[in-house]
1. For segment 18-257, place one equal point scatterer on every Cα, skip the solvent, and apply the Debye formula. What is log10 of I(q)/I(0) at q = 0.07, 0.11, 0.12, 0.15 Å⁻¹?
2. Nearest-5 percent of antiparallel DSSP beta bridges in the chain?
3. Bin by bin, in steps of 5 Å, what percent of the Cα pairs in segment 1-71 do you find, going until the bin that has the longest distance?
4. With the crude spin-label approximation of a point 7 Å out along Cα→Cβ, what separation in nm comes out for residue 106 versus residue 308?
5. For an R0 of 45 angstrom, estimate the FRET efficiency from the Cβ-Cβ distance between residue 360 and residue 232 and round to the nearest 0.05.
6. Test of understanding: what is the full-extension gain from residue 24 to residue 318, defined as 0.36 nm times their sequence separation minus their Cα-Cα distance?
7. Applying 1/(1 + (r/R0)^6) with R0 = 35 Å to the Cβ-Cβ distance of residue 185 and residue 35, what FRET efficiency is obtained, to the nearest 0.05?
8. Given points 7 Å out from each Cα along the Cα-Cβ axis, report the residue 221 to residue 266 separation in nanometres with one decimal.
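Here, each number is a calculation from the coordinates, and none is a lab measurement. Quantities reported herein were computed from a predicted structural model and do not represent experimental measurements. Counting neighbours? That spans all protein chains shown, and the Cβs are built from the backbone with ideal geometry, glycine included.
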Ligand code: PMP
């Protein structure tokens, strides 16, 4: 069929239709070069323009101050779990990790290979239903950095305010909510994200890093695992994922055309609201996993009483909804409503949920 699915995949996930159509138009002969982006040198002036354009647009749309570098890396957000301690955590040194879900756990595990990470706060006992209250977090002044996960893709929680860690560098994994709303980048020494949720296809990892933090990095590590290698070479030390960078640049263009992050946030809030409202008005038929004050704008997680849950997922699939199964580690249902998921898809899901409840309760 020719119609697009209601795509709620958690990542890789929906891309803007306009971007896909443009990429299709430009695929075979990119702007008169006689070849696709995938077939041209990453050292060509044509690619260089795409590459630098994407970096410039990211800086502008996300209001990144001048004392930060923007890098495109490979290895996914998962490689950042290792690169961060490898570059910034010396043997015997401490680093504070705020534990809000499985991705924080994975980041913590890697840091143990390099230094002495410790858990500053954790909401594991509450099944990761919430983000810790800012006033409950104590910082160890010796810590090399503090790490947090801004949006918990699996549990469906997100930070709405970030802690002020003073002189301790704050690092955030923003894989599942980067560019979903404006944030104060200057609070962070480093931000990283895999592109495959809000920014483009998989294969590109965005790293935003403050120059003075970078200067504190350990130098005796492999070239390809050192941030400075990518800074010194404008992320062109080796062959980058050229097509992914092109797509990322086009997604940023699309965000700009939509009116930038302030408009995108409004839309994201409306999209999440039509689904959360159904949960809240269902008299317990749907139960949200996240506590209301820690709810994510991007991943809406909920459960339905045992047998009906399976049936919900089957009927939703038949009705054209894709990607609503919860993460394999937790089960349940999850609707990922990233930037490129249209409001209409969220409204359709909301209507479907109401109908399903009416039919089955
Ligand atoms: N962090 C978060 C918050 C994620 O959601 C994911 C992927 N779902 C990752 C890290 C891992 O990303 P990658 O697959 O790009 O390594």
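1. -0.24, -0.57, -0.68, -1.02
2. Details: 22 of 39 bridges.
Counting DSSP beta bridges with both partners in the chain, the antiparallel share is about 55 percent.
3. 3, 12, 15, 18, 18, 17, 12, 4, 1, 0
4. Rounded to a tenth, the inter-label distance reads 3.3 nm.
5. On the way: r = 60 Å, r/R0 = 1.33.
Taking R0 as 45 Å, the efficiency between residue 360 and residue 232 is 0.15.
6. Numbers: separation 294, 0.36 × 294 = 105.84 nm, distance 2.86 nm.
Additional length available on full extension: 103.0 nm.
7. Values: r = 36 Å, r/R0 = 1.03.
For residue 185 and residue 35, the calculated efficiency is 0.45.
8. In this crude label model, residue 221 to residue 266 measures out at 4.2 nm.
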